[in-house]
Each structure stands twice: as C-alpha cells, then as structure tokens.
Amino acid sequence: MSLIETARAVRENAHAPYSKFKVGAAVQAASGTVYVGCNVENVAYPEGTCAEGGAIAAMIAGGDTRIAAIAVIADSPQPVSPCGGCRQKIAEFADGDVVVTLATTDGTVLETTVGKLLPGSFDAAYMSRA
C-alpha cells in the first residue's frame with residue numbers, strides 16, 4: 001500500500017464531528033516503518049490533534065526519530081497543506097528535501113518538500129550561542 005493510500009485509510013478513523021473535515025497522514029520513518037495519524041477534534045476548539053502531529057507522535061512512540069517521507073490527504077477542492085504548527089513539527093524530524101505528498105480524496109496530488117513548506121524554519125541552531 002502506498003503512503004497516500006495508507007493516509008487515505010486512516011483518514012476514515014478521524015474524529016471530526018464539528019468541522020466534518022477528516023484528515024489522514026502517514027509518515028514513513030527512516031527505518032522504513034510507516035506510522036499513521038488522523039485528526040481528532042475536541043468540543044473545546046482548538047484543543048484537537050492534527051493528523052500530522054498524531055502520526056509524528058506515533059513515530060516517536062515507536063522509537064523512530066527521522067521522517068523519510070510524509071503524505072497528507074483530505075476531502076478538499078485542492079491538496080491540503082499542513083497547518084503552521086504541523087509544518088514546524090515535520091521540520092523537527094525531517095530534512096528540508098524530504099518529500100511531502102499532499103492529496104485530495106478525488107485523486108489530485110501535489111508533491112513538495114519540507115523546505116518549501118517551511119522556508120526559514122526555526123531549528124536548534126537558533127538555540128545555541130556562539
């Protein structure tokens with residue numbers, strides 16, 4: 001099963017009773033293991049969890065620390081991009097050239113990279129002093 005097909009399958013498990021906007025994500029770790037996540041809304045907006053964040057949390061819980069590829073899918077008119085917070089989470093665990101596949105449920109696909117999604121990302125280099 002491809003990464004986008006895996007994201008499509010987990011999307012069906014999303015808990016989105018308020019927005020009705022289900023999102024699925026699949027992260028392939030550097031080890032080759034695939035981790036999934038779906039959005040989980042909460043009545044106390046915005047306390048829910050994004051699909052990308054859930055997949056990354058599963059990856060870390062599984063013992064992997066580096067993203068080799070990521071796919072995100074939603075039922076939207078155009079491929080949906082991760083929110084700003086998720087872009088930063090992805091950048092924490094992926095190099096700038098890692099491929100990010102964005103897709104719609106009707107088959108439209110857009111491929112980009114982590115670096116293009118979050119140019120000038122905040123990283124650990126900002127935390128150290130000379």
Towards the positive end of the charge dipole of segment 3-127, with charges on Cβ (+1 Lys, Arg; -1 Asp, Glu), say which of GLY115, GLY37, THR105 has the farthest Cα. THR105
How much length is gained on full extension from SER19 to ILE60, taking 0.36 nm per residue of separation minus their Cα-Cα distance? 12.0 nm
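What ranking do 80-86, 97-103 get when scored by the average of other Cβ atoms within 10 Å per residue, highest first?
Numbers: 80-86: 16.7, 97-103: 19.7.
Descending packing order for the listed peptides: 97-103, 80-86.
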Cα extents of segment 1-94 along the principal axes, largest first, in whole Å, come to 36, 26, 21
Segment 45-113, convex hull of Cα, quarter of hull surface, nm² -> 5.0 nm²
SER31 versus LYS116: modelled label distance in nm, points set 7 Å from Cα along the beta carbon direction: 3.0 nm
Describe numerically, in nm with one decimal, the distance between label points set 7 Å from Cα along Cα→Cβ at ASN42 and at TYR126. 2.5 nm
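Any read-out appearing in this document is the output of simple, stated calculations on the displayed coordinates, not a laboratory observation. Keep in mind that this is a model prediction, so the values were computed, not measured. Virtual Cβ from ideal backbone geometry, glycine too; neighbours counted across all protein chains shown.
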